[in-house]
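This report concerns only the one structure given below.
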Amino acid sequence: MLLKDRPVYSYRDDPAVPSFPDQTPVVFMDGECAFCSRAARTISVLDTVDEFKICPTQSQLGHAVLAHYGLDPEDPDTWLYLVDGCAYTSLDAVMRVGKRLGGAGRITLIFAVLPKAAQDWLYRRIARNRYSIMGRTDMCAIPDPELQRRLLK
């Protein structure tokens, strides 16, 4: 879902948001979630044009950007995709990332057949149970040089 309540690149004018490289897509996700860490590693493998950056929501930058958009970094539903100054959330964000990655990433587009309400329900259901489904891990400690290079902390 596109967050329409903010102008494009509005975070650049927010003194609470530190400057960060936003010329390419940035995905903000839970850095303690094994499911999200797996998604981050998948992005780093499928991103053959080397454009995606990944930011844990627990970082100072993650907190600031999410707060700018009125999102709670502690809320399990929080997953933000920022591209061309526009912010997207929920399963819509996941599908947009998959589409941009292309190849195997496009598998996420299978969820587009679901009505919006069903997409939101499914996303919330998985997000709220992600620790019991996949467990916890520290994304920033994963010894994957390609992933580490993409992290904004």
* To do: For residues that are of a type in the set (Asp, Glu) and part of a loop (DSSP other than H, G, I, E, B), scanning just the range 1-44, find the one that is modelled with the lowest pLDDT.
  => Asp5
* Asked: Quick check, is Ile54 out of contact with any Gly (no Cβ under 7 Å at 6 or more places or on another chain) and over 22 Å from Arg6 (Cα atoms)?
  -> no
* Select from the range 79-108 the residues that are among the aliphatic types (A, V, I, L, M) and under 16 Å from the mean Cα position of the chain (by Cα) and list them in ascending order. => Leu80, Leu82, Val83, Ala87, Leu91, Ala93, Val94, Met95, Val97, Leu101
* Considering Ala34, Ala16, which residue is farther than 25 Å from Thr137 by Cα and surrounded by fewer than 22 Cβ atoms within 10 Å (Cβ to Cβ)? -> Ala16
* In the range 66-98, how many are free of Cβ contacts under 8 Å to residues at least 60 places away in the same chain, in a helix (DSSP H, G or I) and farther than 20 Å from Lys116 by Cα? -> 2
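The values are calculated or read from the model by the stated rules, or taken from the named source; none is laboratory data. Computed from a prediction, not measured in an experiment: that's the story for all the values here. Positions of Cβ are backbone-derived with ideal geometry, glycine not excepted, and every protein chain shown enters the neighbour counts.
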